[in-house]
1. If we scan region B:257-267, do we find a residue that is within 18 Å of the chain's Cα centre (by Cα) and within 26 Å of B:T401 (Cα to Cα)?
2. Name the residue that is modelled with the highest pLDDT, counting only residues in region B:426-446 that are assigned to a helix (DSSP H, G or I) and surrounded by fewer than 18 Cβ atoms within 10 Å (Cβ to Cβ).
3. Looking only at region B:426-459, which residues are in contact with a Leu (Cβ under 7 Å, 6 or more places away or on another chain), of a type in the set (A, V, I, L, M) and facing chain A (nearest Cβ under 7 Å)?
4. Just one of the numbered conditions (1) under 23 Å from A:Y244 (Cα atoms); (2) within 14 Å of chain B (Cβ to nearest Cβ); (3) surrounded by fewer than 16 Cβ atoms within 10 Å (Cβ to Cβ) is not true of A:S100; which one?
5. Within region B:345-375, can you find the residues that are more than 11 Å from chain A (Cβ to nearest Cβ) and part of a loop (DSSP other than H, G, I, E, B)?
6. Given A:T207, A:T179, A:T211, A:T166, which one is polar (S, T, N, Q) and within 11 Å of another protein chain (Cβ to nearest Cβ)?
7. Can you report the number of residues in region B:300-312 which are surrounded by 19 or more Cβ atoms within 10 Å (Cβ to Cβ) and away from chain A (no Cβ under 14 Å)?
8. Which of the residues belonging to region B:460-473 are away from chain A (no Cβ under 14 Å), among the polar types (S, T, N, Q) and assigned to a strand (DSSP E or B)?
Amino acid sequence: MSSSSSRSWGIRYDSRYTAPLLITAILLGGHLSFGILESYKAILIAIGVSMITELALSRLIRGQWPHLASAYISGISVGILIRTPLYWPFAVASFLTIASKYVLRYRGRHIWNPSNFGICAMLFLAPHVVAPLSVQWGNNLWPMLVIWILGAAIIARFRRFHICATYVAGFFLFAFVRTWFTGDSFLAEIAPITGPMYQLFVLFMITDPKTTVSSKSGQMVVAFVIAFVEMLFRLGEVVHAPFYALFVVGPIALLIEIVRKDRAVRAEAVVAESAA
Amino acid sequence: MSKTVARASLSIVFVALLAFLGVDRYLSATETKAAEGLPKEAALERYGFFLEEVSREIGIDFHHQAPVLDSKLDHIMPQVASMGAAVSIVDFDRDGWQDIYVTTSKTGEANALYRNLGDGRFEDVAPELGLADVNRSGTGVSMGGVWGDFNNDGYEDLFLYKWGSLELFRNDGGKGFTRVTEGSGLPAWSNVTAGIWLDYDRDGNLDLFFGSYYPEDLDLWHLEHTRIMPESFEYARNGGRKYMLKGHGDGTFTDVTEELGLLDQRKWMMAVSAADLRGTGYPDLFIANDYGTDDVYFNENGERFVDAGEATGVGFAPKSGMNVAFGDITNEGRYSVYVTNISEPGVLVQGNNLWVPEPGSSPTLRYRNMASTFKVDMGGWSYAAQFGDLNNDGFVDLFMTNGYVSADRKSSYWYDFSKVAGGNRAIISDARNWPAMNGRSLSGYQAKRLWLNTGQYRFQQVAQAVGVHETYDGRAIAFADLWNRGTLDIVVAHQRGPLLVYRNTTAEDRNWIAFDLEGSESNRSAIGAQVELHWAGNRQLQHVSGGSGYCSQNQRPLHFGLGEHTHVEKAVIRWPSGRTQVLDSPAVGTVHHILEPSERESEPV
């Protein structure tokens, strides 16, 4: 999300703190009302490892101290979205999440959404000890609506609401399509999106500015394609369908954009050379 | 370090970590598959015991039948009708041989009471004694039975809990049973999945505690609607109520649930057991709830129960609790509590709970979940588990059974299950919204676990190595020395499956001692009595239970393994009446029949 700051009554507010504050509010609200965290220790491990890894790698590889808002969000995402009675998976997932930004790069950009990569790696490689957050926070409608409305309002401020809206619309459309194949009720097919995992996935993961394409229309197309690929995974009865859909679609979309931009730049250069 | 070197090093670490996870996954899968059985002699030498499944050989041929509920639930019947296979041990005729009572859950099918003939074989005597035909149409079906001498006549009576009409049977001198439900004070109808005997107020008369899983007013055979499912997979409060019935010693009971403070929640209670957890002399309650947190209720002098779930640390992380078993796993004279949950790789990894009391925390009592530390965390879709010293080495071991619905081996219902389980209450609570199972399995064909206590703060899984290979959908487990040989044998009831009996053979150099207690001022079953055994620097605590595990009840006598030790320093018996009795240097290798002494004979407390 774009970085900006505002000053009022002599206090400078860095807008990069908005997303961390929102996700912290969701975390605290969820835990204080329904005790969503198995332990504070697990979430602190996830956040701590995430921020320390970011500090260390940024210093070592980029030679600069990083802003930690992004690492903080990644740590909380990992801490909430994976479930395990053990502690080490939180540390490993957080490390993989941050490290992926420094290792999996193409033309100067990291191409996987970091927390999506870390979570998918754990779900695929360590399913015997890790599962995703898959249950409801109290199954109460009002907290869910508050989070969706509040989250949507903040995301709208960052001009990324269209991504969430497109994905949600796509999810509902493809849920309806799935009923033709599965024979299950529409309510059964939309049940997952009423859970907290999707709140985090839609509000924070697919909107990550560093791993989404740059044009508004492109972002909407990608969000729609994610929902479509998720449908394919769901028809194949893949439990982690949304994570895997983003894992597949996100990097491909970025690579396409990078290649297209490169070609455009090269073409411009050729035109300029010809003109010269 | 140059940036290039740093990036290269990071890449190597990154790839190595991913590779490590992959190798760990492979090894984990290989370990499960490679769990082969050892020859008997090798198992005896390595682990000190060996198990053989002998049910057919000893005359037991019992197959549980699942309930068939209202047709509105047909599409998910296997998961809704997933309970009812229970087993309890009793010496109903006081002949010194442990007998087996087992339930089935289909209308018209018969429960069985396997009388131990003493010659190695068993015979079903339930029809002639009046305990078979208890699943008649319109009366609901059996979920479990627990034994307690409610009239203190020396013979164990039966409380049969059901989804339907609950039943009380008086034991007539071991010669037959009389149904005494009418006028007893039991509720006319409830959907009970867990029940125990206890003497909560220590008045010498046994009381009953049980809980309705589904709401108690629901007739599962004649549903008016389909909104019967839990409203949440983790925070459901739309289950049934609890009941505490105070016994008067004459077969009548008074509902004291509300006045004791036990009527405040409607969690989906799956299992309960009682023990004096704080050394107050009064039995506390530990409850495992499906779709929610575990509960602890402290008994305040038999006058009320105080919700101590959060105060003890167990009331925070909601899981799918299915079992409550107490065991002194470290020989320090205190109980840890084992609660089973659900673990399905990659889908739902709750891990089981081993609640270990923090040192010095009694009587306030604080628990820490140390299942991972002790290596007893990962099961499957776990049901019953029991503690008992299976190899007589002086440390209690843990046997656990797994498996929910074993149907088509090639197709799983897990995707659809997880799809709906995370939904909003309006979706999840209505059975109509649940996709049809269509013959698919749900955590089916799962192996059992037998965790051997190494005595060094961890357990070792040896089930398959010592002869346990069956993968039916296990529900209840009971331990008993079925052939009076000084070893604990294992009886396992399976949903839609057979009753299995594992005959245990222990290494010859292992010694043991057992205590069969009979109350006089205390309830005659001695439920709630504790024995603390002191030998060779060990101090192990056990108690007589009115039901533990999941729909299970172990034998009444308390069995202690001693390892190679041949001398016991003393056994300290604390009777429910408050009396303390000390047995100095009791002989090993025998069952001591102990009658509660008079006040004059007992030691000062």
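1. no
2. Of everything passing the filter in region B:426-446, B:R432 is modelled with the highest pLDDT.
3. B:I427
4. (3)
5. B:E358, B:P359, B:G360, B:S361, B:S362, B:P363, B:T364, B:L365, B:R366, B:F374, B:K375
6. Answer to the check: A:T179.
7. 3
8. B:Q460
The values are calculated or read from the model by the stated rules, or taken from the named source; none is laboratory data. Since the model is a prediction, treat every value here as computed from it, not as a measurement. Counting neighbours? That spans all protein chains shown, and the Cβs are built from the backbone with ideal geometry, glycine included.
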